[in-house]
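Notes follow once the structure below has been shown.
The values are calculated or read from the model by the stated rules, or taken from the named source; none is laboratory data. Bear in mind that the values here come from a model prediction, so they are computed numbers and not experimental data. A quick note on method: Cβ atoms are made from the backbone with ideal geometry, for glycine too, and the neighbour counts reach across all protein chains shown.
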Amino acid sequence: MLRLVLQPVLALAGRPLAALVEPFLRYSSRQVGIALIYHSVDPAQGDVERELVPPHGSALFAAQVRHLTRRYRVVPTDRLLTSVAKRKRGERFPVAITFDDDLRCHQDIALPVLDHAGATAMFFLSGSSIDKPFTFWWERLQRAVDTGVHPSESSTALGVGSGEALASIHDIGKTIERMSPAERDRTSAALAERVGSDPPESGLRAEGIRALHAKGMGIGFHTLRHDPLPSLDDESLALAMTAGREELEAITGEKLRAIAYPHGHVDSRVAAAAQSAGFEHGFTTRVEAVHPGSDPFLLGRLSPSYRSAGHFALQVLGLLARRRHQ
Ligand SMILES: [Zn+2]
């Protein structure tokens, strides 16, 4: 009930409220910044209950980017830590925008919005659809559910587990995420059989990646297979850090210097593997601000609000103001 009342209030008053509070925070000498994580952007706003990776509505996304360029300093990911460490009293707080996964909407929708706003962003790509359509298991699962397979239907029908009914698409997703790479491959193939071949527009081709890069966007790595990295043995982990990387580097002519860990899963062994594979920064999905002492291979990211630009404004401010846990 409170949420029903609060959300419209936040939508209306969030930005004016943030605009009142933000100058006080800016007047502090706090050395802090934020990285944001987006996935897809679509004209129609997604549904967090029903969708595994709901898109941000393009109008909401544009309003959030506008807010960032007006109130903050949008920096490339490789300058986030140094911008945080150099920040002085009165200066805008640095914010880096990132996207995970290879999606056509990055080229068609996100890029024009970012370009129009004069903002840069980092796109963490797997490179799995450079020359042909490709969808990952969670996209196939979403299509299965969208075309009428109710999530509570026996999970066997989806080739997931042994018949225990899973309550929601999110439960099924978590189950698939925990599988071994071979099991997950089988499940993904079973899902593909159920929903048919990958749609022609799925993924992001080389020309889309070139278009992002030509407009000054950063390209980072998200691993070719998107396996949760902590579950891999040392050999597979080392392979995940390199497989498909050169193909992406050949498109932009630049080294991929940053990685976003698939599903945000990382531990100290994975972070060390990223470092020895030559990456300079690694991004998680932990909701943490970036401080001068942050581990460059364990940089947190905030998932922007799906509700309103007002809610987003307060969300960013709240994370910047939060006391740091040691
Ligand atoms: Zn991903």
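Which one of these is out of contact with any Phe, Trp or Tyr (no Cβ under 6 Å at 6 or more places or on another chain), modelled with pLDDT under 95 and not hydroxyl-bearing (Ser, Thr, Tyr): ALA321, ALA238, ALA277?
ALA321
Say whether the condition of being among the polar types (S, T, N, Q), within 16 Å of the ligand (Cβ to nearest atom) and either under 21 Å from LEU80 (Cβ atoms) or in contact with a helix residue (DSSP H, G or I) (Cβ under 8 Å, 6 or more places away or on another chain) (or both) is met by at least one residue in the stretch 246-268.
There is no residue in the stretch 246-268 that is among the polar types (S, T, N, Q), within 16 Å of the ligand (Cβ to nearest atom) and either under 21 Å from LEU80 (Cβ atoms) or in contact with a helix residue (DSSP H, G or I) (Cβ under 8 Å, 6 or more places away or on another chain) (or both).
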Consider ILE219 against the criteria (1) more than 30 Å from ARG87 (Cα to Cα); (2) within 16 Å of the ligand (Cβ to nearest atom): it satisfies all of them except one. Which criterion is unmet? (1)
Could you please find all residues in the stretch 76-114 being assigned to a helix (DSSP H, G or I), within 16 Å of the ligand (Cβ to nearest atom), under 17 Å from ILE37 (Cβ atoms) and not aliphatic (A, V, I, L, M)? THR77, CYS105, HIS106
Just the residues that are in a loop (DSSP other than H, G, I, E, B) and under 16 Å from the mean Cα position of the chain (by Cα), please, taken from the stretch 19-71. HIS39, SER40, GLY46, VAL48, GLU51, LEU52, VAL53, PRO54, PRO55
Subset of the stretch 183-217, residues over 24 Å from the mean Cα position of the chain (by Cα), surrounded by fewer than 15 Cβ atoms within 10 Å (Cβ to Cβ) and either modelled with pLDDT of 95 or more or over 21 Å from LEU229 (Cβ atoms) (or both), comes to ALA189, GLU193, GLY196, SER197
Do any helices (runs of 4 or more DSSP H) lying entirely in the stretch 202-285 carry at least 2 residues that are in contact with a strand residue (DSSP E or B) (Cβ under 8 Å, 6 or more places away or on another chain), and which ones are they? 206-214, 245-252, 268-276
Considering only residues that are out of contact with any Leu (no Cβ under 8 Å at 6 or more places or on another chain), free of Cβ contacts under 8 Å to residues at least 60 places away in the same chain and not small (Gly, Ala, Ser), which ones fall in the stretch 289-323? ASP295, PHE297, LEU298, ARG322, ARG323
From (1) more than 16 Å from VAL95 (Cβ to Cβ); (2) surrounded by fewer than 21 Cβ atoms within 10 Å (Cβ to Cβ); (3) more than 16 Å from the ligand (Cβ to nearest atom); (4) not acidic (Asp, Glu), pick out the condition that doesn't hold for LEU319. (1)
Tally the residues that are crowded, with 20+ Cβ neighbours inside 10 Å and among the β-branched types (Val, Ile, Thr), restricting the search to the stretch 41-73. 2
From the list GLY148, GLY161, pick out the single residue that is loosely packed, with under 14 Cβ neighbours inside 10 Å, among the small types (Gly, Ala, Ser), under 27 Å from GLU49 (Cβ atoms) and modelled with pLDDT under 90. GLY148
More than 24 Å from ARG210 (Cα to Cα) and buried (at least 23 other Cβ atoms within 10 Å of the Cβ): does that describe PRO94? yes
If ALA59 satisfies every condition in (1) without any contact (Cβ under 8 Å) to a residue 40 or more places away in the chain; (2) farther than 20 Å from TYR306 by Cα but one, which is the exception? (2)
